[in-house]
Amino acid sequence: MCNRVLLFFLLMTLGAAAQDSTPSVQITGGVTRPLTLTSGDLARMPRATLKASDHGVETVYEGVWVHEVLKRAGVPQGDQLRGKALAAYVLVHAQDGYQVVYSLAELDPSFTGNQVLLADTANGKPLFGERGRFQLVAPGDKAHARSVRMLTGLEVVQLRK
Amino acid sequence: MRGRCALAMLLAATVCTGAEWDWQLPPGFPRPLIPAGNGLSVAKVELGRHLFYDKRMSVNGGQSCASCHKQELAFTDGRARAEGTTGQLHPRSSMSLVNVAYAVTLTWAHPGMTQLEKQALAPMLGTEPVELGLAGHEEQFLQTLRGDAAYRELFPKAFPDQTEPFTLENVTKALAAFERTIVSLRSPYDRYRWGGQQSALSPSARRGELIFFSGERGGCFHCHGGWNFSGAVAGEKVVHSGRGGDGFTNTGVSRYTAPNRGVFEHTGKNADLGRFRAPTLRNIALTAPYMHDGSMATLEEVVDHYARGGRYASPNKDSLIQPLALSPEDRLDLIEFLRSLTDVEMTRDARWSDPWEVRNRPPQ
């Protein structure tokens, strides 16, 4: 009996550890539905691909447009993106503490043609290494600084209360 | 036997027709840019290889290009400062020729030196310092080439449209063609990053990779970026300007006194004092000692230099050169990562080895 209890707690602990170590992207802040998205979750969302140059190496990224992710979290889009919402921004977090900002309007396809991809594969393989499990790809930016590697979170911040 | 003969005939035909060079690049990688005035052919590369390893390229028969650019050292010489054929020391360290075809600029600190054909004249004819020492001996040098049976075969094949192919211009063209072919993309890191072979990199090197590419922790990639781990690169469909807009940065390595004041030596602008090129870090474990003046003997010294935010204060020091919070383990991981950029196959690839080893060595 004692051994069974021990085994139960051991399995529970291992299960929790495994769950904790599953890479994910947190969608937090001024959203109506905070989300924790794993690669499995992203696989069930509308997928998109884009071809980009990684310092000259042709790379096909696949993932989900950031606006689709924000829509699922209840962030205003399209006609709803008015008034105070236009003074909201997305603070992007990386695993090493790196942060960048996009305004909500920059990420909305009804405002701009420059869409940003939340990528989880490159050339058909899951991202790994210095890119992390998730990466933003911003083909409309001339510099790569906002194509955040090692992505861990998107935090919506409302400037006008 | 018949197959061997057929292969030999095919090879001969390939050389005769000036066939294009097979780059053997990994999928998706850009091809190097080839200047319009110096198309790349197998025959021209072969001529360039013979010249590169020929000590008759120097006035006293003491040195060839390969004396300062040794294949086993990723085409550097292992010295802090290069030494010419008459014993004069160069103010700076010999640079690696690996992936030089992708380099936008070629030397430590000359933004205007962008053509390999032109650059080859500096070691051949330069007098400050004397490197190969051929200035004033050009015609005698060409006469030596004309008198060699191997060159009487190689020059006409490399320049089939010319009645008199033995010219200094053609020597530089052939050398440049050979140097452009030295492409190094077969390191353990390449197998890991682009080949999908996870086991090619040790856990320590993988931790080092994260430090290298993290702007919050190491930030090395800012100057040594992209797949070439360097400043400015160019290839088909790619131009990457590098840190500072041209890939030259002041990293607080020295006090930058003449003649090692960096880009300043060529522009005279104070803002260019101490700006040197960020070379490729590919094969960096083979190219010690480090920096433009060879003043750092080991990778450990280099990492410590950057971790303390630069060795010397300088008004032009890049704002990114700041003290880094790197533990001793972090530093070891970073060095392990840098070692994973060594392409051992490049150091023994027969395409870039000494051809005179298999021919009769020419008289010295």
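The values are calculated or read from the model by the stated rules, or taken from the named source; none is laboratory data. Quick caveat: nothing in here was measured; it's all calculated off a predicted structure. No Cβ is skipped: glycine too gets one built from the backbone with ideal geometry, and neighbour counts run over all protein chains shown.
When the residues of the stretch B:233-250 are filtered to those that are of a type in the set (A, V, I, L, M, F, W, C) and within 11 Å of chain A (Cβ to nearest Cβ), which remaining residue is surrounded by the most Cβ atoms within 10 Å (Cβ to Cβ)?
In the first step, residues of the stretch B:233-250 are kept if they are of a type in the set (A, V, I, L, M, F, W, C); the result is B:233-234, B:238-239, B:248.
Within this subset, residues satisfying the condition of being within 11 Å of chain A (Cβ to nearest Cβ) are B:233-234, B:238-239.
Details: B:VAL233: 26, B:ALA234: 18, B:VAL238: 20, B:VAL239: 13.
Top of the filtered list is B:VAL233.
Could you please tell me which pairs satisfy a Cβ distance under 6 Å, a separation of 6+ or placement on different chains, a first residue in the stretch B:131-150 that is acidic (Asp, Glu), and a second residue that is surrounded by 13 or more Cβ atoms within 10 Å (Cβ to Cβ)?
That search, which allows pairs on different chains as well, returns B:GLU131/B:GLY84; B:GLU131/B:PRO123; B:GLU138/B:LEU168.
Would you mind listing the helices (runs of 4 or more DSSP H) fully within the stretch B:145-228 where at least 1 residues are within 10 Å of another protein chain (Cβ to nearest Cβ)? Steps first, answer last, please.
Values: elements: B:149-158, B:168-180, B:188-193, B:203-212.
Filter on the stretch B:145-228 gives B:188-193, B:203-212.
In the stretch B:258-274, is there at least one residue being crowded, with 24+ Cβ neighbours inside 10 Å, more than 10 Å from chain A (Cβ to nearest Cβ) and on the phi > 0 side of the Ramachandran plot? First the steps, then the outcome.
Taking the stretch B:258-274 and keeping what is crowded, with 24+ Cβ neighbours inside 10 Å, we get B:262-263, B:274.
Keeping just the survivors that are more than 10 Å from chain A (Cβ to nearest Cβ) gives B:262-263, B:274.
Of the ones still in play, those that are also on the phi > 0 side of the Ramachandran plot are B:262, B:274.
Yes: one or more hits.
Please determine whether any residue of the stretch B:134-155 is small (Gly, Ala, Ser) and under 16 Å from B:MET95 (Cβ atoms).
Within the stretch B:134-155 (the criterion being small (Gly, Ala, Ser) and under 16 Å from B:MET95 (Cβ atoms)), the answer is no, since none of the residues qualifies.
Among what's in the stretch B:311-350 and is in contact with a Ser or Thr (Cβ under 9 Å, 6 or more places away or on another chain) and surrounded by fewer than 17 Cβ atoms within 10 Å (Cβ to Cβ), pick the residue that is farthest from B:PRO203 (Cα to Cα).
Looking at residues that are in contact with a Ser or Thr (Cβ under 9 Å, 6 or more places away or on another chain) and surrounded by fewer than 17 Cβ atoms within 10 Å (Cβ to Cβ), I get B:TYR312.
Of everything in the stretch B:95-104 that's assigned to a loop (DSSP other than H, G, I, E, B) and modelled with pLDDT of 95 or more, which residue is surrounded by the most Cβ atoms within 10 Å (Cβ to Cβ)?
Applying the filter and picking the extreme gives B:VAL98.
Restrict the check to the stretch B:272-287 and report whether at least one residue is touching a helix residue (DSSP H, G or I) at 6+ places or on another chain (Cβ under 6 Å), over 28 Å from A:LYS142 (Cβ atoms) and of a type in the set (Gly, Ala, Ser).
Of the residues in the stretch B:272-287, the ones touching a helix residue (DSSP H, G or I) at 6+ places or on another chain (Cβ under 6 Å) are B:272-273, B:284-286.
The next check asks that each one be over 28 Å from A:LYS142 (Cβ atoms); those that pass are B:273, B:284-286.
Now restrict to residues that are of a type in the set (Gly, Ala, Ser): B:285.
Taking every residue of the stretch B:272-287 in turn, at least one turns out to be touching a helix residue (DSSP H, G or I) at 6+ places or on another chain (Cβ under 6 Å), over 28 Å from A:LYS142 (Cβ atoms) and of a type in the set (Gly, Ala, Ser).
Going through the stretch B:188-215 one residue at a time, which ones are at pLDDT below 95 and either more than 25 Å from A:VAL60 (Cα to Cα) or aromatic (Phe, Trp, Tyr) (or both)?
B:TRP194
Please find, within the stretch B:160-192, the residue that is nearest to B:LEU51 (Cα to Cα) out of those that are more than 25 Å from the chain's Cα centre (by Cα) and in contact (Cβ under 8 Å) with a residue 24 or more places away in the chain. Reasoning before the result, please.
Going residue by residue through the stretch B:160-192, those that are more than 25 Å from the chain's Cα centre (by Cα) are B:160-166.
This time we only want the ones that are in contact (Cβ under 8 Å) with a residue 24 or more places away in the chain, so: B:160, B:166.
On the way: B:PRO160: 18, B:PHE166: 12 Å.
Restricting to residues being more than 25 Å from the chain's Cα centre (by Cα) and in contact (Cβ under 8 Å) with a residue 24 or more places away in the chain, the top hit is B:PHE166.
Would you mind stating whether B:PRO156 is free of Cβ contacts under 8 Å to residues at least 60 places away in the same chain and either surrounded by fewer than 19 Cβ atoms within 10 Å (Cβ to Cβ) or among the hydroxyl-bearing types (Ser, Thr, Tyr) (or both)?
Numbers: free of Cβ contacts under 8 Å to residues at least 60 places away in the same chain: yes; either surrounded by fewer than 19 Cβ atoms within 10 Å (Cβ to Cβ) or among the hydroxyl-bearing types (Ser, Thr, Tyr) (or both): yes.
Judged against the criteria, B:PRO156 is a match.
Taking the conditions exactly as written (surrounded by fewer than 17 Cβ atoms within 10 Å (Cβ to Cβ), assigned to a loop (DSSP other than H, G, I, E, B) and polar (S, T, N, Q)), does B:THR86 satisfy them or not?
Working: surrounded by fewer than 17 Cβ atoms within 10 Å (Cβ to Cβ): yes; assigned to a loop (DSSP other than H, G, I, E, B): yes; polar (S, T, N, Q): yes.
It is true that B:THR86 is surrounded by fewer than 17 Cβ atoms within 10 Å (Cβ to Cβ), assigned to a loop (DSSP other than H, G, I, E, B) and polar (S, T, N, Q).
Would you check which residues across the stretch A:131-159 are of a type in the set (A, V, I, L, M) and surrounded by 19 or more Cβ atoms within 10 Å (Cβ to Cβ) and list them?
Passing the criteria: A:LEU136, A:VAL137, A:ALA138, A:VAL148, A:MET150, A:LEU151, A:LEU154, A:VAL156.
What about B:ARG282, is it more than 12 Å from chain A (Cβ to nearest Cβ) and either modelled with pLDDT under 95 or crowded, with 18+ Cβ neighbours inside 10 Å (or both)?
Details: more than 12 Å from chain A (Cβ to nearest Cβ): yes; either modelled with pLDDT under 95 or crowded, with 18+ Cβ neighbours inside 10 Å (or both): yes.
Judged against the criteria, B:ARG282 is a match.
Could you figure out which of (1) in a strand (DSSP E or B); (2) closer than 15 Å to A:ALA48 by Cβ; (3) away from chain B (no Cβ under 14 Å) isn't true of A:GLU155?
Of the numbered conditions (1) in a strand (DSSP E or B); (2) closer than 15 Å to A:ALA48 by Cβ; (3) away from chain B (no Cβ under 14 Å), the odd one out for A:GLU155 is (2).
I need a count of the residues in the stretch A:49-83 that are touching a strand residue (DSSP E or B) at 6+ places or on another chain (Cβ under 7 Å), surrounded by fewer than 16 Cβ atoms within 10 Å (Cβ to Cβ) and in contact (Cβ under 8 Å) with a residue 12 or more places away in the chain.
2
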